[in-house]
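This is the structure I want to talk about, given as structure tokens.
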Amino acid sequence: MDHLNVLSVLVGGLKYYYPQISPNVYVLRACNIDGYEVATRIAQENVTDGFSGLIFNATNWPIHDGDWYRSKWNDLEINLSDNEFSSETSSNVWANRQPAPLPLISESEMEMMYEAGVEDYNKRFASSGDNEVRGKKRSPSIHHGYHRRSTTPQTKEQSLQAYVKEYVTRAIIEKHDNAPNAVDLQFLGPMSRKCFIQKTPACNSNDRYRTADGTCNNLNVPFWGKSFTTFRRVSPQNYDDGVSKFRKSVTSADLPNPRLISFKTNFADMEKSNKFNCFTLLHMTVGQFLDHDLTFASLKEPEVPCCEASKDPSCAPIAIPDYDPFYSPAGQTCMEFVRSTPAGQCSLGPREQIDELTQYIDLSQVYGSTKEETASLRAYTDGLLKFQDNGDLPDFLPIDNEETACTNEEKEAEGLHCFLAGDFRVNEQILLTVIHTTWMREHNRIARALKSFNPGLNDEKLFQEARRITIAEWQHVVYNEFIPGVLGSYLADEFNLRPLSGYQTTSDYHSFLSAGVSAEFATAAFRFGHSMIPDAINEVSHAGVSRSRVLNSVLEAPFPLYEEGVEEGLVRGFTKQRAMLVDSSFTTQITGQLFQEEEAFGLDLIALNLQRGRDHGLATYLEVINVCKTFKASSFDDLLQVMDHEPLARLKEVYSDFRDIDLFIGGMSERPFADAQVGPTFACLMLDQFIRLKRGDRFWYEFNGSPAPFSGHQLTQLHSVSFARILCDNHPALDAIQRWPLNLISDFNPVSSCNSYVIPSLDLTKFKV
């Protein structure tokens, strides 16, 4: 830390370190702490060499996707003798090298291996079928499994092909002494003529609206960003056998147990975490809602009882340490874990995972990620989405009649039903359900307004126009209110992530750039919000009376929303309640009681995150540091550049070698970078992703080259959109709110009337068709 030029700021006795990063730039952080207004003005000077990496001036950002981060399997090792990263050399960059010599394999030999793989798959999975869950004991693992259950036949169909791909890849490596690493085997081409390859769709560049599944957004590569495609990779997969087996330590020993890492590294200072944060619980919930717009990797068989000595290849249960402080007293020795469904591809190589959602910011969690899902959610009347008529009260989301983790027969008998939306995790926690409800209502509000001054428009036109406007509003909220809070003002400004203003448009679209979600973003960096989760959520009445609900009581239990006044109380609550700090502190509500029901225990989300990272073959924390080039490290102590002593000491206690640190816990252990909520490594991964989601989207709301760009008058209206206004418009009992509801109320962010000019309304007459 000594070699960084930092500014130490004392806030209520807590010391924060902010790297000084740019000439004449001042960042204002302000929030209300214990009744005192705290404003921290950070004098920014120069980034030291230790922070001048990929996310600053070392490369032209972002790199052309044809030259992306692909490297040889072992090129991310550290050369300890030289104290340098060996992948710095140009010969190791994927774009600047030829793949290793490929083995000579005849078509008949490949077909034989393919058939052997199919036969082996059938043998292994012959006894496994769909598990009937209704009526069984609803354990925490069953609850969690339902959240990651494959939602369509497409995923299940891919699992056979994925298994055969790995079987053939492994067979080639074992049979041929000169076989290259698994990554290079993709250059052998399709592994069989029987392998299913999707046909490239014929795209019309003049189509006014996005497709439901994301195809044809990029005209050069129509499948970029499509639902049911693989996650993009920032760094090559890290599997022990190069194909799919969980990685081991660099010493060849097993990696530390995920549950052990969870309870050994948990800072567990919830008092500190609750006191020093400027963001509301709405900020955390918006992050979860955004995540459900972008990422979902399903499980092939979520109900498999992996702890019962199952030999199912989908299983990777987590052993509970004998001395576990939480689980051992309850007699627990195992935590269920089922691996994500692998992607079925015709090319050989290491395991990939499927993202079932569209990989654009397009409100797929509201509209669905396939044509069929979108059709099932439409009312087919006046452009509306389906809804439950709630009499004099605002409409509810439609009823979900399918079996889900939320299903409760007793509640159904009382007329209280689970809700349906474009993402089936809509009922995961009650605040998320409120946000889903808000955006469904916003679409219908806009559709009704368009109908009023476009009486001749049919249902299809009204639906598509309302969807187009609502998506634009959501994009604006994400980049104007959410991202600057996560990445900080400096990075948001430096990388042009903030929206424009007034009539301004952008031509900054890049057809060579995939908007695709990276595995590192989805499985590690964007899980930072788990640290923000509190023990309980607050509900505030119109009179200001508060009540708390323990978090576990509102997971997969949206039923209180049917009570009058609860929804508005939750809206007031999540715009007033402080979220936890982003750090290595996590509430026991998610580290031992997640989805707890009849048992005295639930799941540990942090242990599951770590195991999921290994399941997905994520590069290590150190490998991603190497990719991002934010700093260099050749020992544990070098991590003090970005970590404080205490979290680093906890990492040392569980990892025998600093090269083994998992990406998720490494990133969570970093100090926040400048005025961001996350450290430099997660900031790097998020910058990569959010730059792509904006510049790689041909339908981006500000892009003047889209098939149907918004007019200057329309953009002026969209640039005035705020989440405060959207909440006011769709929750009539809410009469006042702060202008920036993702931030705490303060002198800088006072509460204003919903009728105030401070919270401008969207003039929909400007969108007359």
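Order by neighbour count: SER249, SER235, fewest other Cβ atoms within 10 Å first, most last. Display every interim value, and only then the final one.
Numbers: SER249 15, SER235 25.
The order, fewest Cβ neighbours first, is SER249, SER235.
Could you tell me the convex hull volume per residue, in Å³, taken over the Cα atoms of segment 409-500?
On the way: hull volume 13.0 nm³, N = 92.
It comes to 141 Å³ per residue, whole-number rounded.
Hey, if you put +1 on the Cβ of every Lys and Arg and -1 on every Asp and Glu Cβ in segment 352-409, which of ALA405, THR381, GLN365 ends up farthest toward the positive end of that dipole?
THR381
In vacuo Debye scattering of segment 657-769, one point per C-alpha: log10 I(q)/I(0) at q = 0.13, 0.17, 0.24 Å⁻¹?
Debye output, listed in q order: -0.80, -1.02, -1.17.
Limiting things to C-alpha atoms, what are the Rg and the maximum Cα-Cα separation (Dmax) for segment 252-386, in angstroms?
For segment 252-386, the Cα-based Rg and Dmax read 20.6, 62 Å.
Taking every pair of distinct Cα atoms and averaging 1/r, then inverting, what Kirkwood hydrodynamic radius in Å comes out for segment 190-259? Provide the component values of the computation, followed by the final result.
Numbers: mean 1/r = 0.0623 Å⁻¹.
Kirkwood hydrodynamic radius for segment 190-259: 16.1 Å.
Moving on to the next point. Between Rg and the Kirkwood Rh of segment 323-470, both from Cα atoms, what is the Rg to Rh ratio? Can you show the working numbers first?
Details: Rg = 20.1 Å, Rh = 18.3 Å.
Rounded to two decimals, Rg over Rh is 1.10.
Taking a ≥ b ≥ c as the square roots of the eigenvalues of the Cα gyration tensor of segment 538-610, is the shape rounded (a/c under 1.5), prolate (a/b larger than b/c) or oblate?
Details: a/c = 2.96, a/b = 1.59, b/c = 1.86.
Cα axes put segment 538-610 in the oblate bin.
Another question, then. Going down the table (LYS165/LYS194; LYS123/LYS165; LYS245/LYS629; LYS226/LYS371), which pairs top 22 Å between alpha carbons? Kindly include the intermediate steps, with their values, before the conclusion.
Values: LYS165/LYS194 12 Å; LYS123/LYS165 16 Å; LYS245/LYS629 28 Å; LYS226/LYS371 12 Å.
Over 22 Å Cα-Cα: LYS245/LYS629.
In which sequence would MET440, MET112 go, from the one with the fewest C-beta neighbours within 10 Å to the one with the most?
Numbers: MET440 29, MET112 14.
Placing the least packed residue first, the sequence is MET112, MET440.
What's the exposure ranking of GLU563, GLU373, GLU412, GLU702, going from fewest to most Cβ atoms within 10 Å?
Details: GLU563 10, GLU373 20, GLU412 14, GLU702 23.
The most exposed by this proxy come first: GLU563, GLU412, GLU373, GLU702.
Values in this text are rule-based calculations from the coordinates and carry no lab data. Just so you know, these numbers come straight off a predicted model, no measurement behind them. Cβ sites come from the backbone with ideal geometry, for glycine too, and all protein chains shown count toward neighbours.
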